[in-house]
Amino acid sequence: MAELQEVQITEEKPLLPGQTPEVAKTHSVETPYGSVTFTVYGTPKPKRPAILTYHDVGLNYKSCFQPLFQFGDMQEIIQNFVRVHVDAPGMEEGAPVFPLGYQYPSLDQLADMIPCILQYLNFSSIIGIGVGAGAYVLSRYALSHPDTVEGLVLINIDPNAKGWMDWAAHKLTGLTSSISEMILGHLFSQEELSGNSELIQKYRNIITHAPNLANIELYWNSYNNRRDLNFERGGDVTLKCPVMLVVGDQAPHEDAVVECNSKLDPTQTSFLKPGKLTEAFKYFLQGMGYMASSCMTRLSRSRTASLTSAASIDGNRSRSRTLSQSSESGTLPSGPPGHTMEVSC
């Protein structure tokens, strides 16, 4: 397994007083299914897993995760964990377009690339954060390598294969819509697309004019040809680690995430809809013993206040629906309680 590339990049983000710039190291390694590129921030911490992220279709690690990890409340986390941001093949910045006829890896094969990354870095375990297609990839990896996954945060996951009706609808949509519009329909709700906000225009421009749009289409096709993960509560096919499922109200994949929640071990699974993502993630890490209780005192007070006032929340107020929006503020939209984990300041 040969290393193809390693470059150092100084992360561009506002620094806190006394904080020094993080150095990011980008690597590419060969796997049985082609080359994969990933970027490492920070240094390994003794007896702590790495945080490994995997992005959704139409995005790369920067456009998917940088807003979240640059949010102020995440700084305590990034200081205590090394982070590995994986770019799906051909999605990294500056990636050349694959030649005509190139056989793009399936999502299962993308999951099978992760052991090569961990072996190269000599990392023994991870906490995974995946969005959409990336959430599926990390789930597939966790099913195959449960001993190396300590926890998963799965955002907008759809664990089901497309049925015949879904497949037919997808084909019909492809006759009237461009690839970029279909991907936007995957990332955002119809209400958001109709509103055509500045954020929507930004992502529409990024995807439509992406120099690697042909590569993005290949990743999109692999996602739409995914197999069913076949989760079964109480069965042999399930995630063995703690899982935090995240979805915005009326997000395109809300029903799929709700169904996924019904199939996982309820003692191991948290379901977050409205609430603050960064603080929920801190609680998630604390539950695995990786956040000191002294660091969580303020969060505990905030959570108590949030849960006390939850019943009075106006369910009709305007809500954002997607990670792209919520990660810019570190929050998920507010909404009514139920079988949800709601943590907000």
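Bear in mind these aren't lab numbers, they're just calculated from the coordinates by the rules spelled out. Values in this document were obtained by computation on a predicted structure and should not be read as measured data. Counting neighbours? That spans all protein chains shown, and the Cβs are built from the backbone with ideal geometry, glycine included.
Here the spin labels are modelled as points 7 Å beyond Cα on the Cα-Cβ line, and at Glu76 and Glu191 they lie 3.2 nm apart. With R₀ fixed at 25 Å, the C-beta to C-beta distance from Asn221 to Ala256 puts the FRET efficiency at about 0.85. Among the GluC sites (Glu not before Pro) in segment 190-246, those placed in a DSSP loop whose Cβ has at most 14 other Cβ atoms within 10 Å are Glu232. Straight-line cross-link partners of Lys47 among the lysines, defined as a Cα under 23 Å from its Cα and at least 8 positions apart when in the same chain: Lys25, Lys240, Lys282.
The length gained on full extension between Asn230 and Ala161, counted as 0.36 nm times the residue separation minus their Cα-Cα distance, comes to 23.9 nm. Once you divide the Cα radius of gyration of segment 67-163 by 2.2 N^0.38 Å, the number left is 1.19. Dipole magnitude for segment 71-214: about 340 debye, using +1 per Lys or Arg Cβ and -1 per Asp or Glu Cβ, origin at the Cα centre. Measuring spread by the Cα atoms of segment 92-131 yields a radius of gyration and Dmax of 13.3, 37 Å.
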